[in-house]
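Each reported figure results from applying straightforward, stated rules to the coordinates on display, with no laboratory input. Nothing here was measured: the structure is a model prediction, and the numbers come from that model. Here the Cβ is made from the backbone with ideal geometry for all residues, glycine too, and neighbour counts use every protein chain on show.
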Ligand code: FES
């Protein structure tokens, strides 16, 4: 069952720089885009020991650092091969300067 967990301080998530966190036992990547924070699973579905938080964030797209598959951080949809599976996305809310993720 999903539950809300504090993932850290809003100010610790930098614009354009993915941040790896562990929330509720899950590896999650946080992305700040403007005033919003988005959260996805942090492991690339193509090779699950590769962290998307080490990749390149361009707008709403995260590019895997290993083979450059791209994913939409809002929908989780895979946008380019070699990965074929989508990544999980998680609900985020910001409250009192803290980021909460539902996992
Ligand atoms: S490990 Fe991510 S695309 Fe291959």
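Kirkwood radius for the chain, taken over all pairs of different Cα atoms as the inverse mean of 1/r, rounds to 13.3 Å.
Multiplying the residue separation of residue 80 and residue 102 by 0.36 nm and removing their Cα-Cα distance gives an extension gain of 5.2 nm. On full extension, the segment bounded by residue 58 and residue 14 gains 14.5 nm, given 0.36 nm per residue less the C-alpha separation.
Label point of residue 33 set 7 angstrom out along Cα-Cβ; within segment 1-23, amide nitrogens under 16 Å from it belong to 14-19.
Using a Gaussian network model of the chain in which every pair of alpha carbons under 10 angstrom is joined by a spring, one finds that among 25, 16, 55 the greatest mean-square fluctuation is at 25.
For segment 46-86, rounded, prolate or oblate, judged on the Cα gyration tensor with a ≥ b ≥ c (square roots of eigenvalues), a/c < 1.5 rounded, else prolate if a/b > b/c? Don't skip to the end; give the middle numbers.
Details: a/c = 1.64, a/b = 1.15, b/c = 1.43.
Oblate shape, in that a/c is at least 1.5 and b/c is the bigger or equal ratio.
Among 69, 53, 80, which one shows the highest mean-square fluctuation when the chain is modelled as a Gaussian network with alpha-carbon springs under 10 Å? Among 69, 53, 80, the largest GNM mean-square fluctuation belongs to 80.
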